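Below is one structure; the comments refer to it alone.
The values are calculated or read from the model by the stated rules, or taken from the named source; none is laboratory data. Please read all numbers here as calculations on a predicted model, not as lab measurements. No Cβ is skipped: glycine too gets one built from the backbone with ideal geometry, and neighbour counts run over all protein chains shown. For accessibility, only protein heavy atoms count, side chains too; no ligands or nucleic acids. Shrake-Rupley method; radii C 1.70, N 1.55, O 1.52, S 1.80 Å.
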Amino acid sequence: MNILAIESSCDETAAAVVRDRFEILSNVINTQIDIHKEYGGVVPEIASRKHIENISVVVDRAIIDAGLSKSDIDAVAVTYGPGLVGALLVGVSYAKAFAYALNKPLIPVHHIKGHISANYLENPQLKPPFICLVASGGHSHIVRVDSYCDYTALARTRDDAAGEAFDKVSRVLGFGYPGGPAIQKAAEQGNPYAIDFPRVNMGKDGFDFSFSGVKTAVLNYIHNAEQKGEKINKYDVAASFQEAVIDVLSRHLISCARANGIERLALAGGVAANVPLRERVSQLAKAEGMEFYFPRLELCTDNAAMIGCAAFAEFERGRLGDMSLNAMPNLSIED
Ligand code: KG4
Ligand code: ZN
């Protein structure tokens, strides 16, 4: 079965063709990063407009790259939430029209289920149950995955997402957008233990996250130094900030898995592209005797192949959409 998948929840216009859950026939991504860079972050109105300009070219390219024609497509999948409403609407409207014209099923997909499913594309042998840390520009969750379609959020951020904190700190340090890769690079030249930025544990079991504290601590550190006329070492700030975030993300993931009696871990979302985070979780998992899975870099950040993979589970349980499908900017993973 060939699923054409469309993703437009943020600043990537993406389309892919996935065959039989695991095989990526094509994976086309048109990123708007260079446009949003100028503004230091994603401008929703510009994102929607660019999606409209690019979507038909990206979808056509995905079908051509797959070596197929439109008549070979068996179903059309689309991210319908969460994300920026105007951006989501472009993908949803296009997918509805495409499915209608081809007279094929329409499969609505949750963006975060897509991120988690990137792990199956990388490691088809991975089977639930496992515990997945999902950290992106808009989300920071720890999710228990009990089957291809059963997801339970065990922990979440109370305020900012991890990726959001990376983006903000990078902006104030002058390293640009997107912040994650820029901070990772700058951190290579800094000392991760130079500044002791706060680590916050929240929630009943202490698994919830809060990243606004560490973000504010970095801003205060910079402003205090400025007021005293002191020069800061930007690379030490980047490395110490990154260390604080990695420390919290990795410890919470391991503790959550232990508390749930699950010995299989996975990473997902843009922040999962962070190499020191992967290395830390890998070390901790090894020490605990846990299995650890993560997608290759291009499957961590937004793409449509992950949406195509997740769509198979939705299709199997009969969760199809129709022409009334709408964008759901605040969709929960448990919906
Ligand atoms: O999953 P994603 O592409 O889009 C959302 O669904 O939000 O994630 C984008 C986020 C951005 O905040 C970006 O700074 C962060 O992922 N990111 C990283 C790295 N690469 C991307 N964060 C830390 N280290 C990285 N190497
Ligand atoms: Zn994403």
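Just I232, I46, I35 to compare: in a GNM of the chain, with alpha carbon springs under 10 Å, which one fluctuates most?
I232
Around E288, under 14 Å between beta carbons, what's the net of Lys plus Arg minus Asp minus Glu among the other residues?
+3
Once you list every other residue whose beta carbon is under 11 Å from the beta carbon of V28, what net charge do they have if Lys and Arg are +1 and Asp and Glu are -1?
-3
Provide the FRET efficiency to the nearest 0.05 for the E288-D150 pair, computing r from the beta carbons and using R0 = 30 Å.
Step by step, r from the Cβ atoms, then E = 0.80.
Hey, any idea what % of the chain's accessible area is carbon plus sulfur with a 1.4 Å probe?
Roughly 49 percent of what the probe reaches on the chain is carbon or sulfur.
Obtain the nm distance between the two label points defined at R158 and E53 by a simple spin-label model: each point lies 7 Å from its Cα along the Cα-to-C-beta direction.
4.2
Only helices at least 15 Å long along their axis, Cα-based, and averaging 0.5 or more on Kyte-Doolittle count here, so list those DSSP H runs from the chain.
Helices meeting the span and hydropathy rule in the chain are 85-102, 305-316.
Subtracting the Cα-Cα distance from 0.36 nm times the residue separation, let me have the gained length for E334 to A97 in nm, one decimal.
82.6 nm
Calculate the FRET efficiency for E263 and N201 from the Cβ-Cβ distance with a Förster distance of 25 Å, rounded to the nearest 0.05.
Plugging the Cβ-Cβ distance into 1/(1 + (r/R0)^6) gives 0.65.
Want the number for D247 to R171: 0.36 nm per residue separation, take away the alpha-carbon distance, what's left?
That works out to 25.2 nm of additional length.
Solvent-accessible area per residue for region 128-299 at a 1.4 Å probe radius, Å²?
Normalised by residue count, the accessible surface of region 128-299 is 44 Å².
Report the relative contact order of the chain, percent, no decimals, based on alpha-carbon pairs under 8 angstrom and at least 6 residues apart.
In percent, rounded to a whole number, it is 25.
Please work out how much length the chain gains when fully extended from E230 to I33, using 0.36 nm per residue of separation minus the C-alpha to C-alpha distance, in nm with one decimal.
Length gained, E230 through I33: 67.6 nm.
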